[in-house]
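Let me begin by presenting the structure, written as structure tokens, before commenting on it.
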Amino acid sequence: MNKEELIQKLFLANRTHASGFPIMTDTEYDVLWSHLYAIDPHSPILYHTANDPSLDINIEPHLYTIMGTQKAFNMEQLRPFLTRFGHTELILQPKYDGCAAVFYRQDNGEWKILLEGDGKSGRNISCHYDRITFRPAEFSNMASVELILPVKDWKDSYGANPRNVVSGWMNRKETDFPSVEAVPHNNGRFEETYKFNGDMDSLNELLLSFHYKWSKIYPIDGVMIKVKDEELRLRSGDNGSVSNWSIAWKPPIQVKETTVTSIEWNVSRLGKVIPTVIYAPIELCQTTNTRATGNNAQWISDMNICIGAKIIVGKAGEIIPKIISVKEHNLPNNLIIDCPMCGEHLEVVGKHLVCSGPDCFSQMVHKLEYFYSDNAMFIKHIGKALFRKLIRNPLLYKVLKTHIYALLEPEAFCIDAILEIEMGAGVYNQYKNSLSNASGKRSLIVFMVGLGYPGLAEKNILTLYHYINGAGIKRTVRKEVITSFMKAYNDYHTALGIFKIFKFAPDPKPPVNIYCITGTVSLDRADMIQYLEKYQCGYSKSVTKYLDFLIIGDNPGKRKIEDAIRLNVPQITEDEIINYINKDEEDEPSHD
């Protein structure tokens with residue numbers, strides 16, 4: 001469907017909705033909305049659909065422009081909002097599935113009620129005042145509200161979609177319909193304070209949980225995420241159509257009840273024993289689901305999840321299913337006390353059960369899989385199933401346990417002949433070709449990341465590597481990360497002394513400048529970072545005192561600019577940094 005067809009369909013949907021005879025459900029509308037948003041996010045048809053002011057029946061102007069709401073139909077679409085505001089306190093509230101309106105207290109003390117309309121004007125529905133239940137003490141002289149029918153008052157005979165039904169009632173003159181509630185959009189009955197910790201998976205679980213809880217009280221079609229601080233809201237402003245400080249998370253959401261049939265326990269490469277809950281098959285969002293990963297052992301215990309328990313499972317669009325709550329259980333929990341792989345007694349470390357067994361095969365398989373994966377050394381034709389087979393050979397197990405990198409040059413460890421037998425000639429030849437292709441292309445940084453020591457990410461390694469090679473250190477690094485780095489750096493030098501064939505890529509050069517970007521630049525941001533890397537410019541996600549400059553693009557974030565001013569970080573445009581680089585290239589002496 002092209003842009004014009006989408007606009008026409010949404011226009012018709014808005015018009016029929018406004019006239020009180022809606023032609024589609026909210027979910028169907030959201031699908032069309034998201035398709036048009038992907039093509040033209042600024043199309044005016046996307047915003048304020050509560051009524052159509054062109055139907056000139058009792059249309060009056062609002063005192064102030066009422067902004068629409070940004071929407072996210074999956075977790076990835078939340079990332080820009082969380083990147084900007086995740087550092088501050090947020091508020092989670094229901095996204096009510098009713099009809100938006102605004103209450104105004106007049107000079108005579110009586111209330112005037114306008115539908116939200118296009119945000120500039122809306123239909124006067126004050127004639128329905130006696131059919132709307134609200135508490136004046138909760139309202140200021142002006143309040144944005146949702147007119148909604150609570151779940152307990154809903155009857156199937158009213159219609160198929162709560163939003164369409166209430167909107168239909170509000171858009172007619174007759175008052176022969178049940179009373180509806182006016183629920184404030186701000187400072188309402190339901191509100192949860194939240195601080196984003198960077199874990200999108202746990203946020204998804206939290207949103208599903210609140211959606212399920214609130215939907216038992218009111219019809220809702222998502223969860224609102226808002227900035228709590230009023231001053232920050234004012235500074236954030238809007239883009240002319242929607243407020244920047246709030247967003248509605250509203251993917252297709254389904255929840256169903258099922259029964260736990262078993263709990264699987266798997267050991268990670270760091271020894272944490274991770275539970276997977278297996279349950280009777282259910283259909284969610286057009287897929288059959290039978291399992292959900294548990295967070296940790298403490299979570300299993302706190303949720304009282306056990307075999308035979310009745311559980312509620314939810315799924316939001318393409319996101320993996322999550323267990324929202326336990327409805328019924330009569331059995332003790334099924335926590336284990338010994339490692340399912342090696343039999344060693346498990347230790348309780350924080351929220352986790354941890355296997356510290358020195359001979360745990362599962363940990364070793366995960367470590368090997370990670371080290372040789374595409375994210376690390378990028379060696380093809382070897383994976384989890386093959387690693388399980390290889391470490392059952394006593395000699396290979398002994399070598400790989402102490403030198404995880406031995407497969408990069410098997411001749412140096414005298415295991416090449418054994419590998420050919422265990423792998424088979426065909427797989428062994430493919431693996432050797434992959435080694436040749438990787439040689440000289442993977443740096444010591446990737447090697448050290450692949451070793452999997454705690455807290456050892458690429459950024460930390462680069463900082464510490466340049467520091468021990470004489471460069472200044474431009475960020476704070478935790479002590480445990482330094483300990484991990486020294487272990488990994490020792491492994492790297494051990495490997496260098498052993499390898500005769502496999503080569504590492506040249507050592508990375510220390511960055512001359514550290515920079516951050518705010519706003520939209522002409523290149524894709526990833527391309528810009530890659531471009532500047534060639535000129536020894538290191539990228540930082542945030543503005544810190546160690547920053548050399550902040551690159552300002554279009555529509556820059558106010559917070560980063562304020563931080564740059566406070567920390568005396570120079571601000572330059574994209575053109576200025578590129579001109580600076582080009583000038584340096586022109587100034588270099590010619591070697592012709």
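The values are calculated or read from the model by the stated rules, or taken from the named source; none is laboratory data. Just so it is clear, the model here is predicted, and its values are computed rather than measured. Backbone-built Cβ (ideal geometry, glycine too); neighbour counts: all protein chains shown.
Contact map, the stretch 195-207: residues that are closer than 10 Å to residue 86 by Cβ and hydrophobic (A, V, I, L, M, F, W, C) paired with residues that are in a helix (DSSP H, G or I) and modelled with pLDDT of 90 or more, Cβ distance under 6 Å, separation 6+ or inter-chain. Pairs shown: 196/82. Close contacts from the stretch 428-442, counting a first residue that is in the same structural domain as residue 373 (by TED's automatic domain parsing) and at pLDDT below 95 and a second that is part of a loop (DSSP other than H, G, I, E, B) and of a type in the set (Phe, Trp, Tyr), with Cβ to Cβ under 6 Å and a gap of 6+ residues or different chains, come to 438/378; 439/502.
Quick grid of which residues meet (1) surrounded by fewer than 19 Cβ atoms within 10 Å (Cβ to Cβ); (2) touching a residue at least 40 places away in the same chain (Cβ under 8 Å); (3) at positive phi:
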position: 388; (1), (2), (3): yes, no, no
position: 397; (1), (2), (3): yes, no, no
position: 408; (1), (2), (3): no, yes, no
position: 412; (1), (2), (3): yes, yes, no
position: 417; (1), (2), (3): yes, no, no
position: 421; (1), (2), (3): yes, no, no
position: 450; (1), (2), (3): no, yes, no
position: 454; (1), (2), (3): yes, yes, no
position: 460; (1), (2), (3): no, no, no
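The residue that is nearest to the chain's Cα centre (by Cα), counting only those in the stretch 174-226 that are over 20 Å from residue 163 (Cβ atoms) and among the hydroxyl-bearing types (Ser, Thr, Tyr), is 202.
Among residues of the stretch 355-375 that are touching a residue at least 40 places away in the same chain (Cβ under 8 Å) and surrounded by fewer than 20 Cβ atoms within 10 Å (Cβ to Cβ), those with a Cβ under 7 angstrom from a residue that is in a helix (DSSP H, G or I) and small (Gly, Ala, Ser), sequence gap 6+ or separate chain, pair up as 370/450. Restricting attention to the stretch 458-493, the residues that are under 17 Å from residue 442 (Cα atoms) and either touching a Phe, Trp or Tyr at 6+ places or on another chain (Cβ under 9 Å) or modelled with pLDDT under 85 (or both) total 9. You will find that of 490, 568, the residue that is surrounded by fewer than 14 Cβ atoms within 10 Å (Cβ to Cβ) and over 30 Å from residue 449 (Cα atoms) is 568 and no other. Within the stretch 76-87, not a single residue is more than 32 Å from the chain's Cα centre (by Cα) and not in a loop (DSSP other than H, G, I, E, B).
Within the option set 509, 558, being among the charged types (D, E, K, R), out of contact with any strand residue (DSSP E or B) (no Cβ under 7 Å at 6 or more places or on another chain) and under 30 Å from residue 231 (Cβ atoms) holds for one residue only, 558.
Mind listing just one residue for me: the one in the stretch 113-145 that is of a type in the set (Lys, Arg) and either assigned to a loop (DSSP other than H, G, I, E, B) or surrounded by fewer than 15 Cβ atoms within 10 Å (Cβ to Cβ) (or both) and, of those, nearest to the chain's Cα centre (by Cα)? Result: 120.
The strands (runs of 3 or more DSSP E) falling completely within the stretch 161-257 that include 3 or more residues that are not charged (D, E, K, R) and not assigned by TED's automatic domain parsing to the domain that holds residue 320 map to 180-184, 220-227, 242-249. Need a quick list: strands (runs of 3 or more DSSP E) entirely within the stretch 260-342 having at least 2 residues that are in contact with a helix residue (DSSP H, G or I) (Cβ under 9 Å, 6 or more places away or on another chain) and at pLDDT 85 or above. Here the list reads 272-284, 310-316, 322-328.
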